[in-house]
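One structure below.
The values are calculated or read from the model by the stated rules, or taken from the named source; none is laboratory data. Bear in mind the structure is a predicted one, so any value in this text is a computation, not a measurement. Backbone-built Cβ (ideal geometry, glycine too); neighbour counts: all protein chains shown. The area values use the complete protein model at the heavy-atom level, side chains included, leaving out ligands, DNA and RNA. Shrake-Rupley method; radii C 1.70, N 1.55, O 1.52, S 1.80 Å.
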Amino acid sequence: MSSVTYDHVVKRYTSDLTVVKDFNVEIADKEFMVLVGPSGCGKSTALRMLAGLETITEGQIRIGDRVVNHVAAKDRDIAMVFQSYALYPHMSVFDNMAFPLQMKKMSRSEIDKRVKQASGILGLDNFLKRKPKALSGGQRQRVALGRAIVRNPKVFLLDEPLSNLDAKLRGQTRVELQKLHRDLETTFIYVTHDQVEAMTMGDRIAIMNAGILQQVGAPGEIYDHPANLFVAGFIGTPTMNFVPVTMENGNAKASGFDVKLPKPVGADKGILGFRPEALTDRIQDDGSTLEIKVEVVERLGSDQFLYGTAGEDTITARVDPRMKVAPGDRARLGLDLRGIHLFDSQTEKALL
Amino acid sequence: MDLSLLLTDVPTLVVVIVGVPAVLGAYILGGEFLVRRLPDRARGSVRPWIWVAPALFFVTAFLVAPAIGTVFTSFQSHGGDWIGLTNYQRQLVDFPNGGAWIAIRNNLYWLVLYTLFVLFFGLLLAVLFDRVPYESVVKSLIFMPMAISAVALGVIWKFMFWYQPADAPQTGTLNAIVVNVFHQAPKTWLTDPNVNNFALIAAAIWGITGFSMVILSAALKGIPADLLEAARVDGAGEITIFRRVIFPLMMPTVVVVGTTLVIFALKAFDIVYVMTAGNFGTDVLANRMYKLLYQADNPGGASAVAIILLLAVIPVLIFNLRQFRAVEARR
Ligand SMILES: Nc1ncnc2c1ncn2[C@@H]1O[C@H](COP(=O)(O)OP(=O)(O)OP(=O)(O)O)[C@@H](O)[C@H]1O
Ligand SMILES: [Mg+2]
């Protein structure tokens, strides 16, 4: 149980290949922190530096108050679940889970107790004698979790542990992991490229792109107040609508509609962003509206997605499924002003 | 080589160059032609035999038949009379110094020392070179002796072990070191029965270590890196990782290499033949068989030794094949 601090951390493989750039995050004790970003952005590298599997080029990583830059992986008291699970193929499930405890020179009876306890939590009691080869993907994943939780580590690292599971099992395991986090009361750092996992599991989310940390915050905060264009586009499905606008006396003017900005901004051009659900078929008298030419309608039962254009801009809207609309129609929709974002077209930073 | 010799017998040359491919081609085409006329069901089970048959023929003609012939010879006198187990008896009398006993003892030395040291060095080098830059260059160097014929290897080491009387300049590398660095009297490495077996075995080990290193190194590289990383995070030091993760995963390969080496050790001949000709108490079974056959003109005795050797190799061979299949099955 410990906090983790990344202090100006840099990872450079060669002089012109920097994969993690000036990375600063403080992860509180017992927090569930999710590190999310597109493939190849350096998430795993950031995690592996903390585990001691990669050297740190610049900066400091601290676990609690202890600087671990030069501490060997085996002495960091960290548990890690690998994407491939990395189970020892020649050992039984029991021995796989007992291995880290044997490394701590724990007594046989204590090892037995802890492994049994973990296997009970994870529902592995009937598989303890089996080799990993004779297990299903989901069972292997749980053994990998078991090997990590038996140790009561200071920090728990998970690198895309669900990506080899089918959709249903992934959903279940997501919930189980959150429960596990509550029960273990340990710091969790969870790497994923799946924003749904990030949104549902994290106390806080850190979003990375191309080696640079974009924003850290609670899921709701990031969803409602994305700090820049990348975060706004990365979080949320379907993605946020982005429309280039010009500013004219307090209004943002797009090719097909106008929006009154809630407060003045010091720029005359920008990119207006609003999520599909900011559009509604219930039009308020004083609100902004826009008319879209509907091209595709998707009914999902609980939702209805409209894909179309307003002026020259493509728009996605998420409206009440009871709204009657067909491809080819023109639909007038209300735009909820609480849900609009404006980004600088050069720096891509949020302006509102 | 004098190529004009080939031209003196042109018909034979033509038969070899034209005839052999023609016969093979005719066999394949003819076989396929006949198979096509078979009913559908039989075709699948007949076709493999068509392809295997030539190999079966050659193995039978040149391996199985002579082996059976050897069994018969081992029960016969020089004149061809049946004399039961007499030939075997003669090889196994007067333990520990009579008959084939010295050769059997030496083969056991070879079996144990050669196998263990080659495995040990191979494993050590594979693990160490896994962590050095220029790995492939260093490994090629170690592998180089494999490219030398065993006879040349024997000659090289004969010079390495060369003995000169104490007052003469030492031209043998080993004795030069013994005399000039350690200031001891030169040793008769190849004639002193206390060391000569080990000298021969050492030369053989030098020759084969590259083989074991290369195969074990491939097995080492086959272990996924994240297993080792997982073990590191789990708190294991490098030696523990080797003992608990790397070695067990390499075990099947170690066994295959080990049993192959056991067979090599039992078959040891060339190095002994070149370096001591089996004298001074360094005889091994294969060399004894050769001597009995060509020097003592005793085909019955030679056959008996051959059969003893064969009986010793067969169990190892079967074990080896099984293990090999187990390794393949793991992939
Ligand atoms: N040993 C290495 N040498 C050079 N470049 C590397 C090395 N390891 C990783 N990289 C590069 O570092 C970048 C970040 O890799 P990393 O594995 O951290 O990505 P990731 O965010 O975990 O992606 P994914 O979601 O696909 O796992 C990648 O562009 C990769 O090519
Ligand atoms: Mg990764």
Restricted to region A:98-151, and to residues that are free of Cβ contacts under 8 Å to residues at least 24 places away in the same chain, among the small types (G, A, S) and over 21 Å from A:T173 (Cα atoms), which residue is least open to solvent (accessible area, probe 1.4 Å)? A:S107
State the number of residues belonging to region A:161-196 that are open to solvent by 10 Å² or more (accessible area, probe 1.4 Å) and either part of a strand (DSSP E or B) or farther than 24 Å from A:S92 by Cα (or both). 19
Scope region B:126-168; condition open to solvent by less than 70 Å² (accessible area, probe 1.4 Å) and either among the acidic types (D, E) or not assigned by TED's automatic domain parsing to the domain that holds B:F242 (or both); matching residues: B:D130, B:E135
Scanning region B:216-246 residue by residue, the ones that are more than 10 Å from chain A (Cβ to nearest Cβ) and either open to solvent by 40 Å² or more (accessible area, probe 1.4 Å) or out of contact with any Ser or Thr (no Cβ under 8 Å at 6 or more places or on another chain) (or both) total 9
How about region B:125-230: which helices (runs of 4 or more DSSP H) wholly inside it have at least 2 residues that are hydroxyl-bearing (S, T, Y)? B:135-143, B:196-221
Could you figure out which of (1) more than 16 Å from ligand 1 (Cβ to nearest atom); (2) at pLDDT below 90; (3) under 15 Å from the mean Cα position of the chain (by Cα) isn't true of A:S163? (1)
Residue by residue through region A:72-88, note down the ones that are more than 7 Å from chain B (Cβ to nearest Cβ), farther than 12 Å from A:L53 by Cβ and part of a loop (DSSP other than H, G, I, E, B). A:D77, A:Q83, A:Y85, A:L87
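Suppose we filter region A:288-323 for residues that are among the charged types (D, E, K, R) and either in contact with a Leu (Cβ under 6 Å, 6 or more places away or on another chain) or touching a residue at least 24 places away in the same chain (Cβ under 8 Å) (or both); how many remain? Lay out the reasoning, then the answer.
Kept after step one, since they are among the charged types (D, E, K, R), are these residues of region A:288-323: A:291, A:293, A:295, A:298-299, A:303, A:312-313, A:318, A:320, A:322.
Those still in the list that are either in contact with a Leu (Cβ under 6 Å, 6 or more places away or on another chain) or touching a residue at least 24 places away in the same chain (Cβ under 8 Å) (or both) too: A:291, A:293, A:295, A:312-313, A:318, A:320.
Summing the residues that are among the charged types (D, E, K, R) and either in contact with a Leu (Cβ under 6 Å, 6 or more places away or on another chain) or touching a residue at least 24 places away in the same chain (Cβ under 8 Å) (or both) in region A:288-323 gives 7.
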Subset of region A:40-82 (residues that are touching a Phe, Trp or Tyr at 6+ places or on another chain (Cβ under 6 Å) and more than 17 Å from A:F156 (Cα to Cα)): none
Name the helices (runs of 4 or more DSSP H) wholly inside region B:231-331 in which the number of residues that are in the same structural domain as B:T188 (by TED's automatic domain parsing) and free of Cβ contacts under 8 Å to residues at least 40 places away in the same chain is 1 or more. B:238-241, B:247-267, B:285-294, B:299-330
Looking only at region A:266-291, and only at residues there that are touching an Asp or Glu at 6+ places or on another chain (Cβ under 9 Å) and β-branched (V, I, T), the one that is farthest from A:F234 (Cα to Cα): A:T280
Inside region A:56-84, can you point out the residues that are out of contact with any strand residue (DSSP E or B) (no Cβ under 8 Å at 6 or more places or on another chain) and within 12 Å of ligand 1 (Cβ to nearest atom)? A:S84
So A:A28 ticks every box in (1) more than 12 Å from ligand 1 (Cβ to nearest atom); (2) crowded, with 17+ Cβ neighbours inside 10 Å; (3) in contact (Cβ under 8 Å) with a residue 60 or more places away in the chain but one. Which box is left unticked? (2)
Under 6 Å between Cβ atoms, which residue pairs at least 6 apart in sequence (or on different chains) link something in region A:33-46 that is away from chain B (no Cβ under 14 Å) with a partner that is part of a loop (DSSP other than H, G, I, E, B) and near ligand 2 (Cβ under 9 Å from one of its atoms)? A:S39/A:H193
Residue by residue through region B:73-100, note down the ones that are open to solvent by 80 Å² or more (accessible area, probe 1.4 Å) and farther than 20 Å from B:L285 by Cβ. B:H78, B:D81, B:W82
Residue that is farthest from A:I149 (Cα to Cα) [pool: residues in region A:47-62 that are open to solvent by 10 Å² or more (accessible area, probe 1.4 Å) and within 14 Å of chain B (Cβ to nearest Cβ)]: A:T55
Would you be able to say whether some residue in region A:205-220 is within 13 Å of the chain's Cα centre (by Cα), more than 16 Å from ligand 1 (Cβ to nearest atom) and surrounded by fewer than 18 Cβ atoms within 10 Å (Cβ to Cβ)? yes
